[in-house]
Amino acid sequence: MEKRVLTIQDASCVGQCSLTVALPIISACGVETAVLPSALLSTHTAGFTGFTVLDLTGEFPKIIEHWKKEKISFDGVYTGYVLASQIDYIKQICDELNNGPKIIDPVMADHGSFYYGFDEKFAEKMASLCYGADVILPNLTEAAFLLGEKCVLSGYDKDYIEGLINRLKDKLNVKCIVLTGVSFDDDSLGVCVYENGEFNYYFSEKIVRNFHGTGDIYSSAFVGAFVLGNSAFESAKIAVDYTVAAMKLTLDYANEHSYGVFFEKALPVLLNKLGITK
Ligand code: PXL
């Protein structure tokens, strides 16, 4: 049966992140992608100044009512950058309109700090959205902030990573955790996936330049692969390989491109990994 996934995150008009990434990537996987935009921004908030923001929370109850009236439901819900005022509506959507996995990327922070507009109080609200999810995809910073802990970004070992995941699992009652941004040395970067009681790691080469939007690219590719029936670990590996290919292509095409990654040019890599094209 064909699948229809709902993704809830902002539309940053320019920025190669959130909806402008999720919609093309999940659609390219052959999965119908419905959208609920959380906000409309002129650009994303990292590296631009003077951006405009329109909060779309007021539309949420009207849209939910209409979907209920039309008996519209989804085979999965995937959320990214959302506002605190929307979390109760999103829980309602997950409870009443979703027949598939609840996949939460707790977008709020990276590299040890919150993004513009987010704080510890938001992290608590986000933890309540993560509660009972099928999959959450935090980076190391978000994982610590979901637990109300100080984040550790270097010098950690497997015990720290697996302890962090165990504490998340216990607090949030989630089935599967994909922890991104894990690195035990100077040359490799990857993920630790907790699924069915097991921890599995997958690494790729570390690309030294810091790109914006790679978390959204990663999560979108993960969702496409997962909804198509791959395991969380298999989906996580495919998403690592695709994201790294996109970063490399960006360096090859335009080393100075600063606000995002040319994920568009790497889509054939994703389709190939999924076995959609040879
Ligand atoms: O990539 C995460 C993200 C999504 N949307 C907006 C952002 C950010 C990160 O800064 O600013 C608007």
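The values are calculated or read from the model by the stated rules, or taken from the named source; none is laboratory data. Predicted model, so just to flag it, every value in this text is computed and none were measured. Methodologically, a virtual Cβ is constructed for each residue, glycine included, from the backbone with ideal geometry; neighbour enumeration extends over all protein chains shown. To get the accessible areas, we keep the full protein, side chains included, count just its heavy atoms, and leave off ligands, DNA and RNA. Shrake-Rupley method; radii C 1.70, N 1.55, O 1.52, S 1.80 Å.
Any residue in the range 150-168 that is part of a helix (DSSP H, G or I), out of contact with any Leu (no Cβ under 9 Å at 6 or more places or on another chain) and open to solvent by less than 30 Å² (accessible area, probe 1.4 Å)?
Scanning the range 150-168 turns up at least one residue that is part of a helix (DSSP H, G or I), out of contact with any Leu (no Cβ under 9 Å at 6 or more places or on another chain) and open to solvent by less than 30 Å² (accessible area, probe 1.4 Å).
Out of the residues in the range 110-125 that are free of Cβ contacts under 8 Å to residues at least 40 places away in the same chain and surrounded by 16 or more Cβ atoms within 10 Å (Cβ to Cβ), which is farthest from residue 60 (Cα to Cα)?
Selected residue: 114.
Kindly indicate which of 80, 76 is at positive phi and open to solvent by less than 10 Å² (accessible area, probe 1.4 Å).
On inspection, the qualifying residue turns out to be 76.
Could we say that residue 20 is away from the ligand (no atom under 11 Å from the Cβ), within 17 Å of the chain's Cα centre (by Cα) and open to solvent by 10 Å² or more (accessible area, probe 1.4 Å) here?
Spelling it out, it is not the case that residue 20 is away from the ligand (no atom under 11 Å from the Cβ), within 17 Å of the chain's Cα centre (by Cα) and open to solvent by 10 Å² or more (accessible area, probe 1.4 Å).
Being within 12 Å of the ligand (Cβ to nearest atom) and more than 23 Å from residue 130 (Cβ to Cβ) is the requirement here; does residue 41 meet it?
yes
Looking at 231, 220, can you tell me which residue is open to solvent by less than 10 Å² (accessible area, probe 1.4 Å) and either closer than 30 Å to residue 1 by Cα or hydrophobic (A, V, I, L, M, F, W, C) (or both)?
220
Please go through the range 29-57 and give me each residue that is closer than 22 Å to residue 258 by Cβ, in contact with a strand residue (DSSP E or B) (Cβ under 7 Å, 6 or more places away or on another chain) and of a type in the set (Ser, Thr, Tyr), ordered by number.
42, 43, 52
Considering only residues that are open to solvent by 20 Å² or more (accessible area, probe 1.4 Å), under 19 Å from residue 68 (Cβ atoms) and either within 15 Å of the ligand (Cβ to nearest atom) or in a loop (DSSP other than H, G, I, E, B) (or both), which ones fall in the range 83-108?
Correct list: 99, 100.
Within the range 197-217, how many residues turn out to be assigned to a loop (DSSP other than H, G, I, E, B) and aliphatic (A, V, I, L, M)?
2
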